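The values are calculated or read from the model by the stated rules, or taken from the named source; none is laboratory data. Everything numeric here is computed off the predicted structure, so don't read it as measured data. Please note: Cβ atoms are built from the backbone with ideal geometry, for glycine as well, and neighbour counts cover all protein chains shown. With ligands, DNA and RNA removed, areas are computed over all heavy atoms of the protein, side chains included. Shrake-Rupley method; radii C 1.70, N 1.55, O 1.52, S 1.80 Å.
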Amino acid sequence: MRSSITVLVAGAAFALLTACSGQPAAPQVATLDTGSATAGAPASATTADADAGRPQLRLDSSPEEKQAYWDAYDSCLRTNGHAVLNGRTGHSGPVGGPGSPPALDMNDDSPQSKKAEAACKGKLPLQPPQLSPRTNPKFNDQFHDMVKCMTTQGAHVHVAPDTSVDPDGLTWRIDDGSSDTYDNLDKLADQCQLQAFSK
């Protein structure tokens, strides 16, 4: 069992790391799933087709595994000319340490950045299906359980709407006036997420 998982992970990592080195795929236009289907195809089939080949994260994906997928996606975006943060005022975001590339400017909507996003869409990691209101009928209750787990562990957070991906999406935010930081709470959030969404 362990060797088959190792082979699977190694194969996925190799595919991700080498995918940007070849010819770029034909650009695809990213759209939001409105629930309507293309002529004759059910909406779920259209969504599945758009997501085919993208790396699928699991609830129990290790931080290293998640980082490898995101690094491959970021590398592809850079290779395809996506804009990066270059110290301009008004732009915030993580900045790389010494020797690391500048952070991508994910707020840039220039034609070049949109073209890079379309070319790399196949490398954008899919979140675990349990974390989507579209695929998990218990999402709302489980998300509230996750945030309750965080608050019982001392985090000062609350549930907030997040419609950036799904109209019924949720996220957690740090309470105003709290000294908590996202960096400090990420590990707790991962633990509580696994606990709440594994039910």
Query raised in the report: Considering only the other residues whose Cβ falls under 13 Å of the Cβ of residue 65, what net charge follows from Lys and Arg at +1 and Asp and Glu at -1?
Result: -2
Report summary line: Beyond 13 Å, the calculated P(r) of the stretch 141-199 holds a percent of Cα-Cα pairs equal to 59 percent
Query - Heavy-atom accessible area order for 62, 179, largest first, 1.4 Å probe - result: 179, 62
Query raised in the report: What accessible area per residue comes out for the stretch 51-199, rounded to a whole number of Å², with a 1.4 Å probe?
Result: 60 Å²
Query raised in the report: For residue 159, what is the net charge nearby, where nearby means another residue's Cβ is under 13 Å from its Cβ and Lys, Arg count +1, Asp, Glu -1?
Result: -3
Query raised in the report: Which entries in the list 66/114; 66/115; 114/199; 115/199 go over 32 Å, if you measure between the two C-alpha atoms of each?
Result: 114/199; 115/199
Query raised in the report: So for the pair residue 174, residue 127, with labels modelled 7 Å out along Cα→Cβ, what separation do we get in nm?
Result: 2.0 nm
